[in-house]
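Quick notes on the structure that follows.
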Amino acid sequence: MNQPEWPCLVWGTVKLGRDTQLKTPAHTLPSDAEAETLIRQMTELGIRAFDTAPAYGSSEIRLGAAPNHSINISTKVGEIHQHGQSHFDFSAEAVTQSLKRSQQRLKREHLDLVYLHAPNNDLDILKHTEAWTTLLDAQHAGIIKQVGLSGKSTAAAKWAFDHHADALMVPWNRQDQSHAEILDEAAARSIKIFVKKGLNSGQLPAAASLQWMLEDPRIHAVVVGSLNPEHMHQNLNVAKSTRPNQC
Ligand SMILES: NC(=O)c1ccc[n+]([C@@H]2O[C@H](COP(=O)([O-])OP(=O)(O)OC[C@H]3O[C@@H](n4cnc5c(N)ncnc54)[C@H](OP(=O)(O)O)[C@@H]3O)[C@@H](O)[C@H]2O)c1
């Protein structure tokens with residue numbers, strides 16, 4: 001199956017659709033009109049990849065309402081967030097339903113990349129629920145192009161290595177290098193690493209952090225959350241100057 005080309009900077013859209021139970025500083029949820037403007041601005045800047053999830057409240061619906069044909073979009077399964085609360089369901093039925101809902105919301109026949117969105121007991125979920133095999137089945141059926149894990153532990157990442165993962169989303173920044181051996185192993189296996197929390201949820205200097213991450217060839221892309229187009233413009237400039245051929 002053709003692998004979509006992922007640029008090195010991905011716009012993380014949790015704050016676009018959710019404003020509760022987050023580690024980033026408190027923010028006001030954009031209105032529908034503000035969200036539409038933001039998505040247009042990010043697209044016009046040249047951001048070519050978005051990360052979303054059913055756990056990000058209205059993010060998927062908002063991204064799907066905008067023209068997004070030339071954008072790579074990753075989404076997730078396992079957690080949904082409604083009325084300020086998260087709910088988890090890793091059954092085959094829930095995963096299948098979640099994929100259908102994401103296709104409808106994003107207005108896409110095929111989903112570019114879908115992560116299993118796992119909480120702290122990630123390895124148990126991988127080993128003892130049907131979620132992972134349901135994702136692989138959906139990939140074989142052509143619904144999903146690439147399957148990934150966005151988990152917590154290095155043990156879960158290692159399990160995913162041996163079970164056909166195409167991509168991993170892992171925390172990585174100057175203050176958290178707990179996944180160092182995972183980055184090495186992923187590079188050896190040509191599995192794509194997408195970094196989350198690269199700015200430690202806004203606590204680290206953006207330009208220096210981004211440059212440091214993108215100088216590391218083990219990292220395929222960095223997912224940066226923002227509601228500020230000027231910030232994403234600065235981030236894109238750093239990305240392009242660090243990796244001119246992939247950003
Ligand atoms: N379990 C999971 O799957 C999981 C968990 C966490 C995150 N993620 C993904 O990763 C994305 C990023 O995570 P995150 O939002 O927690 O952390 P992050 O990317 O480390 O930090 C985001 C924060 O940095 C600020 N920021 C971005 N660019 C900046 C710049 N140039 N100058 C100053 N501040 C800047 C943003 O504020 P402004 O809005 O002011 O720019 C935002 O509050 C999420 O949106 C989501 O897509 C996934």
Residue count, segment 87-105, condition in contact with a strand residue (DSSP E or B) (Cβ under 6 Å, 6 or more places away or on another chain) and open to solvent by less than 30 Å² (accessible area, probe 1.4 Å), comes to 3
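Ala208 - would you say it is assigned to a helix (DSSP H, G or I), more than 16 Å from Val224 (Cα to Cα) and of a type outside the set (Val, Ile, Thr)? Before you say what the answer is, go through the steps one by one.
Details: assigned to a helix (DSSP H, G or I): yes; more than 16 Å from Val224 (Cα to Cα): no; of a type outside the set (Val, Ile, Thr): yes.
When the stated conditions are applied, Ala208 does not pass them.
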Residue pairs within 6 Å by beta carbon, gap of at least six or interchain, first lying in segment 1-18 and open to solvent by 30 Å² or more (accessible area, probe 1.4 Å), second assigned to a loop (DSSP other than H, G, I, E, B) and at pLDDT below 95, listed first then second, are Lys15/His27
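Give the residue, chosen from Ala35, Ala55, that is in contact (Cβ under 8 Å) with a residue 24 or more places away in the chain, closer than 19 Å to Ser201 by Cα, aliphatic (A, V, I, L, M) and not in a loop (DSSP other than H, G, I, E, B). Reasoning before the result, please.
On the way: Ala35 fails: closer than 19 Å to Ser201 by Cα.
Being in contact (Cβ under 8 Å) with a residue 24 or more places away in the chain, closer than 19 Å to Ser201 by Cα, aliphatic (A, V, I, L, M) and not in a loop (DSSP other than H, G, I, E, B) holds for just one of Ala35, Ala55, which is Ala55.
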Restricting attention to segment 166-204, the residues that are touching a residue at least 24 places away in the same chain (Cβ under 8 Å), more than 14 Å from the ligand (Cβ to nearest atom) and either buried (at least 23 other Cβ atoms within 10 Å of the Cβ) or aliphatic (A, V, I, L, M) (or both) number exactly 5
| Right, Leu135: assigned to a helix (DSSP H, G or I), buried (at least 19 other Cβ atoms within 10 Å of the Cβ) and under 17 Å from the mean Cα position of the chain (by Cα) or not? | yes
_Tell me whether segment 216-230 contains one or more residues that are open to solvent by 10 Å² or more (accessible area, probe 1.4 Å) and in a helix (DSSP H, G or I)._
yes
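From Leu22, Leu29, Leu9, which residue is within 13 Å of the ligand (Cβ to nearest atom) and under 15 Å from Met232 (Cα atoms)?
Working: Leu22 fails: under 15 Å from Met232 (Cα atoms); Leu29 fails: under 15 Å from Met232 (Cα atoms).
Among Leu22, Leu29, Leu9, only Leu9 is within 13 Å of the ligand (Cβ to nearest atom) and under 15 Å from Met232 (Cα atoms).
The values are calculated or read from the model by the stated rules, or taken from the named source; none is laboratory data. A quick note: this is a predicted structure, and the numbers were derived from the prediction, not measured. Heads up, the Cβs are rebuilt from the backbone with ideal geometry, glycines too, and the neighbour counts pull from every protein chain shown. The accessibility values were calculated without ligands, DNA or RNA, using every heavy atom of the protein model including side chains. Shrake-Rupley method; radii C 1.70, N 1.55, O 1.52, S 1.80 Å.
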